[in-house]
Each structure stands twice: as C-alpha cells, then as structure tokens.
Amino acid sequence: MIQVENLVVRYGKQLAVDGLGFEVQPGEILALLGPNGAGKSSTVRCLIGLQTPQEGKIVLGGYDMREKPQEARTLLAYMPENAQLYEGLTPREILGLRGRLFGFPEKKVQERTEHLLGTLGLSEVMDQATISFSKGMKQKVVLALALMTEAKIFILDEPLSGLDAETTLVFRQLLTLLCEQGCAILYCSHMLDVVERIADKVLILAEGKQVAAGSMEECLQKKGGTLESLFRSATQAMDPDAVARELLKDYLEPEERR
C-alpha cells in the first residue's frame, strides 16, 4: 500500500533524507522513529503531498505520487500532532467540507458526520466553532476527519497528543480493526512504549539515513529486547540516566556544591 524508493530531500546544501526506502503492506503498522532532525517530518510531508522530493519515488495504493497525485491522495488520511483546523468553522462544517471535496453524496456526508462526532462524544458541540475547543477536543475532530473518507492508508504523526485516556484506548483498538480491514498505517511517535506494543515493523532514522529496520520482533531480539535499547543503540542516543543526573546535579550533590 505504501512504497518508497530512494527518497532524497534537500534544503539547500543540507541533506534531510538520504536515499530512504521502505514498504508498508496491507494490514501492517510501520513505526517511523528517530530523534529530532532525523528526517521524519520531511518524509511525512512527501508522503502526504505537501513537499516534492528532489529524488525518489512514492507509490500509494498503486498510484505514483508524481504521476497521479489526486488518485493517491484519495486513499490517504493524515492525523498530525497539532492540527490546524478552520477555527471559525464547526466540526459539522469541517467534516462536511472534507466529505464534499471527496465527492460524497450529501446524505452520506451528513450521516457520517453525525455518526463520527457523536461516537467521539462531540454531539453537543458539533455546531460550535472549534476556536473555543481544548486540544483534546480538536484532536477528536482530527480523528473524525481521518475516518471520514474511509481511507486505506493512514499517516499518523503523534496521534495520541491531547487525547484523554478513554479515547486513547479506543484509538488503539481502532488501529487493530483498521489493519484487519487491510489498511496500511505509518505511525510516527516518540512514545516508544506505545509503539512497541502496536507496531508490526520499525524503521529508525538518524541524520536522514536508515539506521535500523525490520520486523519489531526481529529487531528487538537483536538489540536487548526493548525498543528503547534498540533506539538508543541505533541512534547513538545519550544515556537518559546520565543526562537526568547531570540536570539534577545541584539537587543530588548539595553538600559538594557548598
């Protein structure tokens, strides 16, 4: 469902993504991980059509993003960490706009809008402007938007940000059911404990390059049994305990400081 070959992204002389390639099959969740500046955001922008890579090929559901971008995007749903909603519009209007842009009949637009917002507990506010919404409420609207068009490919970038505990549990079950329906999911997150439980495969970037990739099970067996140990090894990340102790040096060694 997702095919990326030799993806290259540059910003002037800076190489942000260096020859990246991967696949996500129907029913799979691929975790795309890496420290800040690793190339994750650039990769995501290329996948959703907001940025054109200097080199490489992206195929979504059999459609080349360069040759048939409109057809590819009809299969795609994107859920970012901080969505920029039309804050002067209501959730009903925002979902209605998306449904109409995808050519849905008016009756289907109305039915799906009310069903999704109602199921997410937004019935009472679906006709209020989203400018007054909390981050969690806005994220629920974004989730409804992602489900509005019955997409087959989901690009999820820190999707749990702002969601309450109950909706988070629902969301994890959603991923399971979407995979059972043959959807392909690319999941970007810094929450390694969550990723380790839900992803089938992992791809770790550092300085624009792939430094680890494979099935979650195989990768964990090779690197100490946890995603945290794999991530630290692959990215040469700092020792969290050492850094935490250095930050709290004045607390932990008060006598010596005097």
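Where a number appears in this text, it was derived from the coordinates with a stated rule and is not lab data. Just so it is clear, the structure is predicted and the values come from calculations on it, not from any experiment. We place every Cβ from the backbone using ideal geometry, glycine too, and count neighbours over all the protein chains shown.
Along each principal axis of its Cα atoms, how long is the chain end to end? Whole angstroms, biggest number first, please.
For the chain, the Cα spread along each principal axis is 69, 46, 38 Å.
When DSSP assigns beta bridges and you keep just the ones with both residues in the range 138-238, what percent turn out antiparallel, to the nearest 5?
55
For the pair Glu111/Lys249, report the inter-label distance in nm, with labels modelled 7 Å from Cα in the Cβ direction.
Here the answer is 6.6 nm between the modelled labels.
Starting from the Cα gyration tensor of the range 82-128, take the square roots of the eigenvalues, sort them a ≥ b ≥ c, and report rounded, prolate or oblate (rounded when a/c is under 1.5, otherwise prolate if a/b is larger than b/c, else oblate). Can you show the working numbers first?
Details: a/c = 1.95, a/b = 1.17, b/c = 1.67.
It comes out oblate by the Cα gyration axes.
Say R0 is 25 Å: what FRET efficiency, to the nearest 0.05, do Gln236 and Asn6 get from their beta-carbon distance? Don't skip to the end; give the middle numbers.
Details: r = 25 Å, r/R0 = 0.98.
After rounding, the FRET efficiency stands at 0.55.
Normalised by the number of residues in the chain, what is the relative contact order in percent for Cα pairs under 8 Å and 6+ residues apart?
Across the chain, relative contact order equals 25 percent.
Quick one: what do you get for the range 1-64 if you divide its Cα Rg by 2.2 N^0.38 Å?
1.08
Evaluate the Kirkwood expression for the hydrodynamic radius of the range 9-156, namely the inverse of the mean inverse distance over all pairs of different C-alpha atoms, and round to one decimal in Å.
16.9
For the chain, what is the mean residue ellipticity at 222 nm derived from helices alone (per DSSP H run of n ≥ 4: -39500 (n - 2.57); sum divided by total residues; nearest 500 deg cm²/dmol)?
-11500 deg cm²/dmol
Rounded to the nearest Å, what's the spacing between the alpha carbon centres of the range 52-70 and the range 75-97? Just the number, please.
Taking the Cα centre of the range 75-97 as reference, the centre of the range 52-70 is 24 Å away.
Which residue, Pro53, Pro35, Pro105, has the most motion in a Gaussian network model of the chain that connects Cα atoms within less than 10 Å?
Answer for the Gaussian network model of the chain: Pro105.
Treating the range 159-258 as a set of equal point scatterers at the Cα positions, no solvent, please give the Debye-formula log₁₀ I(q)/I(0) at q = 0.18, 0.21, 0.22, 0.23 Å⁻¹.
Listed by q, the Debye log ratios stand at -0.96, -1.12, -1.17, -1.21.
Work out, step by step, the length gained on full extension between Gln14 and Glu124: first 0.36 nm times the residue separation, then minus their alpha carbon distance; give nm to one decimal.
34.8 nm
Using the 10 angstrom Cβ neighbour count as an exposure proxy, how do Tyr78, Tyr86 rank, fewest first?
Ordered from fewest to most neighbouring Cβ atoms within 10 Å, Tyr78, Tyr86 come out as Tyr86, Tyr78.
Quick one: what are the phi-derived ³J(HN,Hα) couplings along the range 233-240, Karplus 6.51/-1.76/1.60 with θ = phi - 60°, whole Hz, x for glycine and proline?
5, 5, 9, 6, 5, 5, 6, x
Note down the relative contact order for the range 44-89 as a percent, whole number, built from C-alpha pairs under 8 angstrom at least six residues apart.
On the way: 28 pairs, mean separation 12.0, N = 46.
About 26 percent, as a whole number.
Sort Val125, Val142 so that the residue with the fewest other Cβ atoms within 10 Å of its own Cβ comes first and the one with the most comes last.
With the sparsest Cβ surroundings first, the list reads Val125, Val142.
Out of all DSSP beta bridges in the chain, what portion is antiparallel? Express it as a percent rounded to 5.
55
With springs only between Cα atoms under 10 Å apart, run a GNM on the chain and tell me which of Leu174, Leu20, Leu76 wobbles the most.
Taking springs between Cα atoms under 10 Å, the residue moving most is Leu174.
Please report, in debye to the nearest 20, how large the charge dipole of the chain is about its Cα centre when each Lys and Arg carries +1 at its beta carbon and each Asp and Glu carries -1 there.
Charge dipole, the chain, about its Cα centre: 660 debye, nearest 20.
Please give, to one decimal in nm, the separation of the simple spin-label points placed at Glu67 and Lys209, each 7 Å out from Cα toward the Cβ.
Going by the 7 Å Cα→Cβ label model, 3.2 nm.
Relative contact order of the range 119-258, please, whole-number percent, based on alpha carbon pairs below 8 angstrom and at least 6 residues apart.
14
Can you pull the one-decimal nm distance between simple spin-label points at Arg45 and Leu85, each 7 Å off the Cα toward Cβ?
Placing both labels 7 Å along Cα→Cβ, they lie 2.5 nm apart.
I want to verify a result. In a Gaussian network model of the chain, Cα cutoff 10 Å, which of these has the top mean-square fluctuation: Lys222, Lys68, Lys13?
Ranking Lys222, Lys68, Lys13 by mean-square fluctuation puts Lys13 first.
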